[in-house]
Amino acid sequence: MHVRASFGFMVSLVIGAGCSFPPPQDVPGALQLLTVTVTGPGTVASADGFIQPGSLSHSYEQGVVVTLTATLDSATTALTWGGACGGSEPTCLVTMDQAQTVTAAFSLRQRELTVTLAGVGSGRVESTTPGVGIDCGAACSAQVPDGTMVTLVATPVPGDLFYGWTGGGCTGTDPCTTTITQATQVTATFDNCVRNARQCTSDRLLVCGADGEFESHLVPNGGLDGEPATVVYDGVSPGSLCPLGCFPTEPRCGDVPATAGLAALLGDPAVSPAGVDIGQSIVIKQINTSDFDPASGTTLVTLADDTTLRVPAAEIPLPTTGAILALKVRSFLVPAGSTLSVRGVRSLAIVSHFDIVVAGTFDVSGAAGGPGAYGGASCVGAVAGNASGGGARFQSGSDASSGARGGMPYAPAELRGGCGGGSANYQPAGHGGGALQFVSRTRFRLTASGLVNASGEGGKASCLNAGCFFYGAGGGGAGGYVVIEAPSVSIAGGGVIAGRGGNGAAMAYSGNQFDLPAQAMNGASGTIIGAVNGPPATCSGCGSGGVGGTEAGGPTAGTGSGTAVGGGGGAVGLCTVRNATGLLSVVPASMKIIPSLAALGPPL
C-alpha cells in the first residue's frame, strides 16, 4: 500500500498476512434508549425507577443491565414478553449494548367452559354471549377469558323436556348465566317425560319414571306369535293402550275382573313387571298341582332339562270342588314344539301380568291325569244313569249309559274338570279332562301351532287278558273345563282347544268270570283333530263303546247284547272365554269343546 506524505514523499506500507485492525471501541458516555410498550391489565417498572407506568422509556449508558419487573394478578392474568425480553416470568434483564425495545402483553387467563348433555332425552345448548362458541351438540367446550359472564340456553327436541341445569351455579330451567373464573362444567339434563308422572289420556297410559324416561318393558312373548316385543307406556304408542280402559281412581290400566277368586292375585308383586317369565329360559315340562308349599308360597315344577324349580304360587279354595293352584308370573309361554303336562288333584290357573301365549301343547287331558277332574257322587252314570262321565257296564243285558255335558256351566265361584267315566266292576275307567284357567292383564294368544288339550280319557276294559277275575267295560271320561279371561283373546287358525269326551270301552266274556277270553278294547280318548270323535271301541264278539261327546253333539251310550258289553261315551267339556268386548273371532275347527263367550265387564 502506498501513502503519499504531506511533504511530498511517497511512503510504502506493507500489511502482512494475518494482521487486522482492532474492533472499534465503545465510546465512553454514549447513551442507548430503552423503550417499553405495555398492553393489557398489568404494569412494568425498572428496578432503578427510570421505567415506570406513565414513563416507559429512558436512555441508559452503553452496557448497563436494566432489570424490568412486571406486576400482574397471577390468578387471572397471563404475561408474554416480546422484543429484548422473552418468556412469561415476571422479571426480565435487558443489556443496553444498543437501543432496545421491550413489549409486555398482559391478557386474562383462558378458562375452559364445558357443557355436558345428560338424561334420557335429547336437546341442544347454545351460548348467547358473543365470542363464546358453545353450540352443543357439536361444540361442547370453549376457552373463555377469566371473568367472562356467559349465558347458556337449552332447547329440547320436540316431544322431550328440559329437566334443568347443574354446575356453574345454575339450577332450574331458565337460561344459565354464569361468570367463568375457573374451569367450569355445566350439565344440561333432558328427559322424555315429566318425572314420576302417571296419567291416562284416551285410554292410553303414560308412566314416567324417576329418571325421566317412559316406563317400558320387554315382554318375552309379547309379539303376535310369542316373539319378544317391547311395551312403552308413553301415552301415544299402541303398546300404551289399556285394553280395558284406565282405572278410575289411580292412573293405570284396568284389571281383569277374574273369577274363582283369582282377581286378588293381580296385585301380587309376583304378578307384576318384577315377576318371573316362564317359557323362555325357563321352560316347564310338568306341573303337579298337588305339590304346593304354603310356607314359601311356591310350587315345584319340572323343567325341560329335568331339573326342578320353585315358582311363586297360591292356593285358592273353592266352595265345593277342592282348590285351585295358581301360578303367579310376569309372562307365560308354552314354546312351539314343547309339551307341558299337568298332574294333581287341584285345578290349575296361570295368572300373568303380561301375555299368556300357548304355541306348544298344554296338556290337562284325562290321559294326563286330569288335574282338578271332578268325582262327585252324581258325576258318573252307572248302567242307566245320566251324568257327565260315561256309564260303565259289567253285566249282560241293556246298554250302558252315555254322559251328560262335561265341565261346569259358567259359574264364577267354581272351576272343575270333567267327571271320570263309570268304573267297570271297580276297575279304573277313563279320567275326566282337567280344569284350567288363564288370567292375563293384557292378552291370551293361541298360535297356529298351539294346543290346549282338556279332552276326556277313553274308558278302560277291565280285562285284556284271559283268566281275569274282574271284567267290565268302563265309560269314557268327560272333557274338562277351560276358562280364558283376558282383555284380548285370539285363536289362530290351526290352534286347537280340545275338550271332547272319551270313548267308552268294549268287551265280551264267556259267562264264566274265572275264565274270560281275551276279547276287550279300551276306548280312545277324545280326539283333537277331525270332524268326529271315535271310532267306537269294539272287538270280535264284543259290544261297542259309546262315542264321546263333541262340540256338535253326543255323547252316545255303549251297546251290548248277551256277553258283549260297552261303556258309555263321556260328555264334551266346556270353554268359557271372557274378553273386553264379548266378541271373539274363532276358526270353527279350533274349538273341539263347547264354547261360551262373555264380556269381562267393568275393570277392577
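The values are calculated or read from the model by the stated rules, or taken from the named source; none is laboratory data. In this text, all values refer to a predicted model and were calculated from it rather than measured experimentally. Don't worry about glycine lacking a Cβ; one is built from the backbone with ideal geometry, like all the others, and counts go over all protein chains shown. Side chains included, ligands, DNA and RNA excluded: accessible areas come from the protein's heavy atoms. Shrake-Rupley method; radii C 1.70, N 1.55, O 1.52, S 1.80 Å.
General remarks:
- Tally, over region 116-140, of residues that are closer than 24 Å to Ala210 by Cβ and either of a type in the set (Phe, Trp, Tyr) or open to solvent by 30 Å² or more (accessible area, probe 1.4 Å) (or both): 6
- Residue count for region 84-104, restricted to those that are surrounded by 16 or more Cβ atoms within 10 Å (Cβ to Cβ) and not in a loop (DSSP other than H, G, I, E, B): 6.
- Residue ID - nearest to Leu108 (Cα to Cα), chosen from residues in region 173-185 that are among the β-branched types (Val, Ile, Thr) and open to solvent by 70 Å² or more (accessible area, probe 1.4 Å): Thr181
- Count of residues meeting criterion [surrounded by 15 or more Cβ atoms within 10 Å (Cβ to Cβ) and in a loop (DSSP other than H, G, I, E, B)] in region 141-172: 5
- Flag if Ala258 is without any contact (Cβ under 8 Å) to a residue 24 or more places away in the chain, part of a loop (DSSP other than H, G, I, E, B) and among the aliphatic types (A, V, I, L, M): no
- Counted residues, region 427-456 - those being open to solvent by 20 Å² or more (accessible area, probe 1.4 Å), modelled with pLDDT of 80 or more, of a type outside the set (Val, Ile, Thr) and outside any strand (DSSP E or B): 4
- The number of residues in region 557-604 that are open to solvent by less than 50 Å² (accessible area, probe 1.4 Å) and either closer than 17 Å to Leu451 by Cα or in contact with a helix residue (DSSP H, G or I) (Cβ under 6 Å, 6 or more places away or on another chain) (or both) comes to 12.
- Selection of region 223-249 for residues being small (Gly, Ala, Ser) and out of contact with any helix residue (DSSP H, G or I) (no Cβ under 8 Å at 6 or more places or on another chain) yields Gly223, Gly226, Gly235, Ser237, Gly239, Ser240, Gly245.
- Residues satisfying the stated conditions in region 44-65, i.e. of a type in the set (Ser, Thr, Tyr) and crowded, with 16+ Cβ neighbours inside 10 Å: Ser46, Tyr60
- Total residues in region 38-52, condition without any contact (Cβ under 8 Å) to a residue 60 or more places away in the chain and either under 11 Å from Ala104 (Cβ atoms) or in contact with an Asp or Glu (Cβ under 9 Å, 6 or more places away or on another chain) (or both): 3
- Residue in region 208-231 that is surrounded by the fewest Cβ atoms within 10 Å (Cβ to Cβ), counting only those that are under 20 Å from Leu266 (Cα atoms) and free of Cβ contacts under 8 Å to residues at least 40 places away in the same chain: Leu218
- The single residue among Leu244, Leu303 that is without any contact (Cβ under 8 Å) to a residue 24 or more places away in the chain, open to solvent by less than 50 Å² (accessible area, probe 1.4 Å), aliphatic (A, V, I, L, M) and out of contact with any Phe, Trp or Tyr (no Cβ under 8 Å at 6 or more places or on another chain) turns out to be Leu303.
Per-residue answers, yes or no, for (1) in contact (Cβ under 8 Å) with a residue 40 or more places away in the chain; (2) under 28 Å from Leu79 (Cβ atoms):
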site	(1), (2)
Glu112	yes, yes
Val115	yes, no
Arg124	no, no
Thr128	yes, no
Val132	no, yes
Ala139	no, no
Val153	no, no
Asp160	no, no
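- Subset of region 66-77 (residues that are crowded, with 16+ Cβ neighbours inside 10 Å and over 25 Å from Cys140 (Cα atoms)): Val66, Leu68, Ala70, Leu72
- Among (1) surrounded by fewer than 24 Cβ atoms within 10 Å (Cβ to Cβ); (2) under 16 Å from Phe444 (Cβ atoms) - the single one Phe332 does not satisfy: (1)
- Selection from region 577-597 of residues that are part of a strand (DSSP E or B) and modelled with pLDDT under 90: Ile594, Pro595, Ser596, Leu597
- Filtered by the rule that a residue be of a type outside the set (A, V, I, L, M) and within 31 Å of the chain's Cα centre (by Cα), region 586-602 gives Ser590, Gly601, Pro602.
- Search result, residues across region 550-563 that are assigned to a loop (DSSP other than H, G, I, E, B) and either in contact with a strand residue (DSSP E or B) (Cβ under 6 Å, 6 or more places away or on another chain) or touching a residue at least 60 places away in the same chain (Cβ under 8 Å) (or both): Glu551, Gly554, Pro555, Thr556, Ala557, Gly558, Gly560, Gly562, Thr563
- One residue alone among Val311, Val358, Val276 is at pLDDT 95 or above, out of contact with any helix residue (DSSP H, G or I) (no Cβ under 6 Å at 6 or more places or on another chain) and under 18 Å from Val483 (Cα atoms), and that residue is Val358.
For (1) over 18 Å from Gly474 (Cβ atoms); (2) at pLDDT 80 or above; (3) not in a loop (DSSP other than H, G, I, E, B), each residue gets a yes or a no:
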| site | (1), (2), (3) |
| --- | --- |
| Gly511 | yes, no, no |
| Ala518 | no, no, no |
| Ser525 | no, yes, no |
| Ile529 | yes, yes, no |
| Asn533 | no, yes, no |
| Cys542 | no, yes, no |
| Gly548 | no, yes, no |
| Val565 | no, no, yes |
| Gly569 | no, yes, no |
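- Residue in region 211-231 that is more than 24 Å from Leu446 (Cα to Cα), of a type in the set (D, E, K, R), touching a strand residue (DSSP E or B) at 6+ places or on another chain (Cβ under 9 Å) and outside any loop (DSSP other than H, G, I, E, B) present: no
- Long-range neighbours under 7 Å by Cβ, at least six apart or interchain, first residue open to solvent by less than 60 Å² (accessible area, probe 1.4 Å) within region 272-291, second among the polar types (S, T, N, Q) and assigned to a loop (DSSP other than H, G, I, E, B): Gly279/Asn221; Val283/Ser338
- Residue within region 374-386 that is of a type in the set (A, V, I, L, M), at pLDDT 90 or above and in contact with a Ser or Thr (Cβ under 9 Å, 6 or more places away or on another chain) present: no
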